[in-house]
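First comes the structure, then the notes that go with it.
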Amino acid sequence: MNLVELDIMLKAYSEEELVYRKYYDAKKDRNALQVFMDNTDMELIKELTEGDYFSSGGRTDIIILKHKRFTPLFKHRHEFFELIYVYAGHCVQEINGEVIQLSECDLCIIPPKVEHTIEVFDDSIILNVLIKRSTFNETFLEMLKHETVLSAFFIKVLYTEEYNNYIIFRTNRDPNLKEILSKLYVEQHNNKKYTANILFNLLMLFFSYLLRDYESQVELPKSVTKNDKLLSILAYVQDHYKTVTLGELSSTFHFTESYLSKLIRATSGQTFLDIIKTIKLNKAIELLTSSDLKVQNISESIGFENNTHFIRTFKKVYGISPNQFRKNSK
């Protein structure tokens with residue numbers, strides 16, 4: 001498949017979309033609806049769960065798909081990040097009770113556990129990019145070092161219990177961003193050697209262009225302050241996760257260790273050591289799936305005191321050893 005073929009495929013109606021459209025039209029007339037219900041396999045109309053998208057084995061951390069037009073509205077939430085991109089036309093979203101209009105080439109990012117609906121009852125084409133929560137730590141490991149509105153957003157999502165429930169970029173029909181997402185779709189569809197690596201890098205490229213060109217046009221439900229002290233602390237931890245100590249952190253930001261420990265726990269719901277462990281294990285997953293480094297070398301590179309401690313910690317969190325995780329991800 002190439003980009004021209006992709007455009008043709010996206011505009012065409014799938015069998016499920018045709019069923020949904022008949023259902024949508026039938027709801028306008030009670031008799032027609034009853035006839036439709038009597039002659040339709042309603043199993044086609046259901047709410048999908050995370051298990052319908054991400055398989056338990058294999059590296060399927062990034063998925064791009066077309067939102068099925070005329071899908072009946074239902075409120076839902078999920079454990080992964082969702083990027084909603086308007087490829088053509090428009091759509092209406094309701095996020096935590098707030099109605100939001102998206103136009104062509106607008107992008108909305110919804111974090112995990114946020115209740116929302118999406119309304120597409122015409123020929124508009126919406127692309128959904130689904131990304132596992134753990135993958136964001138990998139994707140933004142470098143990007144989170146820089147103080148941007150997007151890094152502030154993701155730091156709050158990853159490390160605090162209170163965070164904004166969406167972020168919107170109005171991209172003025174930017175053809176470059178549209179082409180990158182289209183290539184992401186084509187690459188996933190063709191599924192050749194190194195596809196997982198290419199998807200990851202295309203996503204990084206997309207976010208880099210998005211930040212460079214459209215950060216000033218971002219829309220949030222409430223302001224994200226880039227100078228927020230907590231965000232600066234968490235960004236510092238992200239940048240120095242291999243060796244940082246609570247003592248070093250308290251000295252850098254001029255707090256007592258006791259106060260800083262309570263501040264982190266109160267705002268993030270995690271201890272300082274829990275956050276360090278999360279960052280290290282997410283980096284370990286990145287190296288296990290994208291490199292041929294030995295487990296012992298990975299342990300050393302991410303700052304574990306010894307290989308035994310790393311393996312024990314990994315198994316406690318994921319239920320399997322690092323080597324088994326690597327085998328399952330191939």
Exercise. Quick one: work out Rg over Rh on the C-alpha atoms of region 178-330, Rh as Kirkwood radius.
Key: 1.03
Quiz item: How much of PHE255 can a 1.4 Å solvent probe reach, expressed as accessible area in Å² and rounded to 10?
Solution: 60 Å²
Self-check item: Accessible-area value, MET1, 1.4 Å probe, nucleic acids and ligands omitted, Å²
Solution: 60 Å²
Quiz item: Sequence-distant or interchain residues sharing an amide H contact under 5 Å with ILE125, placed H: which?
Solution: TYR87, ALA88, GLY89, HIS90
Exercise. Determine the equivalent ellipsoid of region 250-330 by diagonalising the alpha-carbon gyration tensor, then write out the semi-axes as square roots of 5 times the eigenvalues, largest first, rounded to whole Å.
Key: 29, 13, 11
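The values are calculated or read from the model by the stated rules, or taken from the named source; none is laboratory data. Here the structure is a predicted model, which is why all the values come from computation and not from measurement. Keep in mind that these areas ignore ligands, DNA and RNA; they rest on the heavy atoms of the full protein, side chains included. Shrake-Rupley method; radii C 1.70, N 1.55, O 1.52, S 1.80 Å.
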